[in-house]
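**Q** First the structure, which I've put down as structure tokens, then a few questions once you've had a look.
The values are calculated or read from the model by the stated rules, or taken from the named source; none is laboratory data. Keep in mind it's a predicted model, so treat the numbers as computed, not measured. Neighbour counts run over all protein chains shown; Cβ positions are idealised from the backbone, glycine included. SASA here: full protein model, heavy atoms, side chains in, ligands and nucleic acids out. Shrake-Rupley method; radii C 1.70, N 1.55, O 1.52, S 1.80 Å.
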Amino acid sequence: MTSLTRRELVALLGAGGLVSTARGEAWRPRVLPGVVGLSPASAALGTPLSTEEARSAVWGAVSASVGAASGRKAAALLFRPEDTVGIKVNCLAGRSLSPRVELVEALVNLVAAAGVDRRRIIVFERSSRELRRAGFTIREQGGPYRCVGTDNDYDKLPQDSGAIGSCFARLVSSQCTALISFGVVKDHDLAGVSAGMKNWYGVIHNPNKYHDNGCDPYVADVVRHPYIRDKLRLTVLDGVVGQYHGGPAYRPGSTFELGMVAASTDPVAADLWAWRVIESERARRGLPTLEAAGRPVRFLATAAAHGLGVADPAELKLVTV
């Protein structure tokens, strides 16, 4: 595995920079393929981080992922003041294994540092019930940011993308101009890994249909639809505590303290990092690989083949703050 120094990352950005176009045209940041920013965040299961610890972890990881000197500069690379930014959190496992509220709020503050009006920063999940179970407060309007469940508010007509045919949440299809996946580091009983990419199953009306063959090619097909691919700016992973077995639900006794927050503009690389971390922990505990256990992580190679990011471990570049 290779790594890039902060100086090398800045040089890469200087060579490409932002794809900045005239108002009204598509805009997106230059993705640094394979780069994952890592920042320490030490806390035990169920123990909250302080506001400053959360800010340091999230802003540090995001800054490292784009080679920026500060969180504010990273935010300016990723978001525009006129954006409406949706942060999709994965709250399936409840409070014990969902993105920590304090980390999500640190990310909200980073987005706001780009000049985005807080009324246009939306933390969301597929249901309000799951958000509440994970410790979030539902706010349709007002507050430091909006926090809502999509609650079956889907487009009336399905969209095709590869092997899927699904109605997307209207919040994703027609309201947000920029998207962030905020997942956790955990295994999955069918897909092998559920981190940042599979989180997007939560924006289609029929995810139950797409779990055959380890969710492959379906995870990649959801993410490569223009509603997500053209808007996805960032993946953030709460890796303070990970789960190496029994996912995607929370399984007591199968968690481990990883002590990291990860971020990447490359969604495939982010999941590749999570996969390697989970495999390492399984090996340490004498468990078989995910492939040997009958749940190989197939969808990452498919996603890479569609140009969504880097799935080759030799090309994974980790930048630790």
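**Q** The stretch 127-203: D in µm²/s via Stokes-Einstein (Kirkwood Rh, Cα pairs, 4 °C, 1.567 mPa s)?
**A** D, rounded to a whole number, is 91 µm²/s.
**Q** Moving to a separate point now. Based on alpha-carbon centroids, what's the gap between the stretch 172-232 and the stretch 121-146 in Å, whole number please?
**A** Taking the Cα centre of each part, the stretch 172-232 and the stretch 121-146 sit 19 Å apart.
**Q** Related question: Which of A305, A249, A220 moves the most in a Gaussian network model of the chain with Cα springs under 10 Å?
**A** Highest fluctuation among the options: A305.
**Q** Here's a follow-up. Each label point is 7 Å from the Cα along the Cα-to-Cβ direction; what then is the distance between the points at K156 and E82, in nm?
**A** In this crude spin-label approximation the distance works out to 2.9 nm.
**Q** If amide H atoms are built 1.01 Å from N in the plane of the peptide, which residues on other chains or at least 5 residues away come under 5 Å of the amide H of G239?
**A** Result for G239 returns M260, V261, A262.
**Q** Something else: Once every Cα of the stretch 87-215 carries one equal point scatterer and solvent is ignored, give the base-10 log of I(q)/I(0) from the Debye formula at q = 0.14 Å⁻¹, two decimals.
**A** So the normalised log intensities are -0.62.
**Q** Still on this structure: With all pairs of different alpha carbon atoms counted, what Kirkwood hydrodynamic radius in Å does the stretch 166-321 show?
**A** 15.6 Å
**Q** Using the heavy atoms of the protein chains alone and a 1.4 angstrom probe, what is the accessible area of the stretch 58-166 per residue in square angstrom?
**A** Spelled out: the 1.4 Å probe surface of the stretch 58-166, per residue, equals 38 Å².
**Q** For the chain, what is the mean residue ellipticity at 222 nm derived from helices alone (per DSSP H run of n ≥ 4: -39500 (n - 2.57); sum divided by total residues; nearest 500 deg cm²/dmol)?
**A** -8000 deg cm²/dmol
**Q** While we're on this one: Please arrange T150, T51, T289, T255 by accessible surface area, largest first, computed with a 1.4 Å probe and ligands excluded.
**A** Correct descending sequence by accessible area is T51, T289, T255, T150.
**Q** Right, another one. At 1.4 Å probe size, with every protein chain present, just tell me what the per residue accessible area of the stretch 207-246 comes to in Å².
**A** 30 Å²
**Q** Something else now. With θ set to phi - 60° and the Karplus curve 6.51 cos²θ - 1.76 cosθ + 1.60, what are the ³J(HN,Hα) couplings of the stretch 268-285 in order, to the nearest whole Hz, using x for Gly and Pro?
**A** Ordered by residue, 3J(HN,Hα) equals 6, 4, 4, 6, 4, 4, 4, 4, 5, 5, 5, 4, 4, 5, 4, 5, 4, 9 Hz.
**Q** Limiting things to C-alpha atoms, what are the Rg and the maximum Cα-Cα separation (Dmax) for the stretch 78-146, in angstroms?
**A** 11.8, 35
**Q** Now for a separate question. As an exercise, identify the trypsin sites (Lys or Arg not before Pro) in the stretch 138-231 lying in DSSP coil whose Cβ has no more than 10 other Cβ atoms within 10 Å.
**A** Passing both the DSSP loop test and the Cβ count: K156.
**Q** Which value in Å does the Kirkwood hydrodynamic radius of the chain take, with 1/r averaged over all unlike C-alpha pairs and then inverted?
**A** With all distinct Cα pairs of the chain included, I get 19.2 Å.
**Q** Moving to a separate point now. Do any of K231/K317; K209/K317; K73/K317 go past 25 Å between their Cα atoms, and which?
**A** K209/K317
**Q** I've got another one for you. Hey, any idea what % of the stretch 214-307's accessible area is carbon plus sulfur with a 1.4 Å probe?
**A** Taking all protein chains in place, the stretch 214-307 shows 49 percent carbon and sulfur surface.
**Q** Could you list log10 I(q)/I(0) for the stretch 35-114 at q = 0.11, 0.20, 0.23 Å⁻¹, which the Debye formula gives when each Cα is one point scatterer?
**A** After summing over all Cα pairs, the log10 values are -0.29, -0.93, -1.14.
**Q** Between S50 and I138, with labels modelled 7 Å along Cα→Cβ, what's the label distance in nm to one decimal, could you check?
**A** 3.4 nm
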